[in-house]
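Read the figures in this text as sums done on the coordinates, not as results from a lab. Quantities reported herein were computed from a predicted structural model and do not represent experimental measurements. A quick note on method: Cβ atoms are made from the backbone with ideal geometry, for glycine too, and the neighbour counts reach across all protein chains shown.
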Amino acid sequence: MKFGVVVFPGSNCDRDMVHVLKNVMGCEVRTIFHKETSLEGFSRLDCIILPGGFSYGDYLRTGAIARFSPIMEAVIEFANNGGRVFGICNGFQILCEAGLLPGALLRNTNMKYNCKNVFLKPQTKESQLTRFVDTNKALKIPIAHGDGRYYCDADTLKTLQKNDQILFRYCDANGKITETANPNGSIENIAGICNVGRNVFGMMPHPERASELDLGNTDGRILFESLINKVLETA
Amino acid sequence: MNFRAEIDIMPHKELLDPQGKAVAHGLHNLSFDGVQDVRVGRHISIKLSAKDKSEATQQVEDACKKLLANAIMEGYSFELIEE
């Protein structure tokens, strides 16, 4: 399988993502400029990544303008045909604006741009992004966002719970899901979700910043290993 | 015909508005003791041409629904002025 990483004007985690996929995970990666209009060459086995950053300067709302970038029509079609799409941080915001994931990301309740390590409790192994995780162990993965407060209405929340669509919740170092461990005021501590079809994933934390020993943290790597369905041999 | 739409976009009432809270706090610091609540939204002014007022209204409605407001988190209202 191969990866496509979409580059919007204002994306700034695209290179980190390409580096991790190519040099750490050993995968084939192609960057896709947002003005491209087709995902020709990508098949249902592949995965398209919407990286973090500040697409279009976060003007109007985060992700609102990027959602109408030329490539997005092809990304939506790719997802609707069962292809995997993974949005991180700004990529998550774009997926929500595009309607590929339910809900929206609002301004953090503390009005701060939060840039720090947080802990995530994986909620399910039933997704291609989390199949290898230990649901009893907290993952330490950094966040860097000002608009990360996940919100959806009560009916949507019920659907998310019923369909096992909540992938990660913010927790403390011991895996306890508490209000103080919630860095941005997200409803039910939600940090990441998937769609009903379980082929579109979104999360605010940055696993690509936690995938190498050189950076002192490899907790995020298990998500990429899950995506390629292969556990790397080296620690 | 030329029109100007003055659009107000406000966060839904049931949602916490941290920006509004911070502004209210600032006003209290300046001794505006009567201030009870502040909510911060967005104002957008659009100039447009259309064959009549109803077509212009429809255009602005569509723009609000498609891009300018996200119904999950905010509501909109607008005034259309003929120019």
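Conditions tested, residue by residue: (1) facing another protein chain (nearest Cβ under 10 Å); (2) within 14 Å of the chain's Cα centre (by Cα); (3) part of a strand (DSSP E or B).
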| position | (1), (2), (3) |
| --- | --- |
| B:Met10 | no, yes, yes |
| B:Glu14 | yes, no, no |
| B:Ile44 | yes, yes, yes |
| B:Lys51 | no, no, no |
| B:Val60 | no, yes, no |
| B:Lys66 | yes, no, no |
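Only residues that are within 14 Å of chain B (Cβ to nearest Cβ) and either within 25 Å of A:Leu227 (Cα to Cα) or in contact (Cβ under 8 Å) with a residue 12 or more places away in the chain (or both): list them for segment A:46-72, please. Spell out how you get there, then give the answer.
Here is the first cut: in segment A:46-72, the residues within 14 Å of chain B (Cβ to nearest Cβ) are A:56, A:58-69, A:72.
Across segment A:46-72, the qualifying residues are A:Tyr56, A:Asp58, A:Arg61, A:Thr62, A:Gly63, A:Ala64, A:Ala66, A:Arg67, A:Ser69, A:Met72.
Looking at this structure, is A:Thr130 in contact with a strand residue (DSSP E or B) (Cβ under 7 Å, 6 or more places away or on another chain) and more than 14 Å from every other protein chain (Cβ to nearest Cβ)?
On the way: in contact with a strand residue (DSSP E or B) (Cβ under 7 Å, 6 or more places away or on another chain): yes; more than 14 Å from every other protein chain (Cβ to nearest Cβ): yes.
When the stated conditions are applied, A:Thr130 passes them.
Report yes if A:Thr109 is in contact (Cβ under 8 Å) with a residue 40 or more places away in the chain and either in a loop (DSSP other than H, G, I, E, B) or crowded, with 23+ Cβ neighbours inside 10 Å (or both), otherwise no. Steps first, please.
Numbers: in contact (Cβ under 8 Å) with a residue 40 or more places away in the chain: yes; either in a loop (DSSP other than H, G, I, E, B) or crowded, with 23+ Cβ neighbours inside 10 Å (or both): yes.
Judged against the criteria, A:Thr109 is a match.
A:Asn182 passes all but one of (1) in a loop (DSSP other than H, G, I, E, B); (2) more than 14 Å from chain B (Cβ to nearest Cβ); (3) under 30 Å from B:Ala71 (Cβ atoms); which number fails?
For A:Asn182, the exception is condition (2).
Might you check whether a residue that is more than 19 Å from A:Ala104 (Cβ to Cβ), without any contact (Cβ under 8 Å) to a residue 60 or more places away in the chain and of a type in the set (S, T, N, Q) occurs anywhere in segment B:59-74? First the steps, then the outcome.
Our first condition is that a residue be more than 19 Å from A:Ala104 (Cβ to Cβ); within segment B:59-74, this holds for B:59-62.
From what is left, the residues that are without any contact (Cβ under 8 Å) to a residue 60 or more places away in the chain are B:59-62.
Filter once more, so that each one left must be of a type in the set (S, T, N, Q): B:59.
Within segment B:59-74, one or more residues are more than 19 Å from A:Ala104 (Cβ to Cβ), without any contact (Cβ under 8 Å) to a residue 60 or more places away in the chain and of a type in the set (S, T, N, Q).
Could you go through segment A:58-76 and let me know if any residue there is in a helix (DSSP H, G or I) and at positive phi. Don't jump to the end; show me each part of the working.
Here is the first cut: in segment A:58-76, the residues in a helix (DSSP H, G or I) are A:58, A:66-68, A:70-76.
When the remaining residues are screened for being at positive phi, the result is A:58.
Yes: one or more hits.
Output the residues belonging to segment A:133-191 that are of a type in the set (Lys, Arg), farther than 23 Å from A:Glu97 by Cβ and in contact with a Leu (Cβ under 9 Å, 6 or more places away or on another chain). Walk me through it before giving the result.
Keep residues of segment A:133-191 that are of a type in the set (Lys, Arg), which gives A:137, A:140, A:149, A:158, A:162, A:169, A:176.
Pick out the ones that are also farther than 23 Å from A:Glu97 by Cβ and you get A:137, A:140, A:162, A:176.
The one that is of a type in the set (Lys, Arg), farther than 23 Å from A:Glu97 by Cβ and in contact with a Leu (Cβ under 9 Å, 6 or more places away or on another chain): A:Lys140.
Assess whether B:Val38 counts as being in contact with a helix residue (DSSP H, G or I) (Cβ under 9 Å, 6 or more places away or on another chain) and within 14 Å of another protein chain (Cβ to nearest Cβ).
Details: in contact with a helix residue (DSSP H, G or I) (Cβ under 9 Å, 6 or more places away or on another chain): yes; within 14 Å of another protein chain (Cβ to nearest Cβ): yes.
Spelling it out, B:Val38 is indeed in contact with a helix residue (DSSP H, G or I) (Cβ under 9 Å, 6 or more places away or on another chain) and within 14 Å of another protein chain (Cβ to nearest Cβ).
Please specify each residue of segment B:33-83 satisfying the condition of being hydroxyl-bearing (Ser, Thr, Tyr) and surrounded by 15 or more Cβ atoms within 10 Å (Cβ to Cβ).
Kept after step one, since they are hydroxyl-bearing (Ser, Thr, Tyr), are these residues of segment B:33-83: B:45, B:49, B:54, B:57, B:76-77.
Scanning segment B:33-83 gives B:Thr57, B:Tyr76.
Check segment A:88-97 and report whether any residue there is over 14 Å from A:Asn199 (Cα atoms), under 19 Å from the mean Cα position of the chain (by Cα) and charged (D, E, K, R).
There is at least one residue in segment A:88-97 that is over 14 Å from A:Asn199 (Cα atoms), under 19 Å from the mean Cα position of the chain (by Cα) and charged (D, E, K, R).
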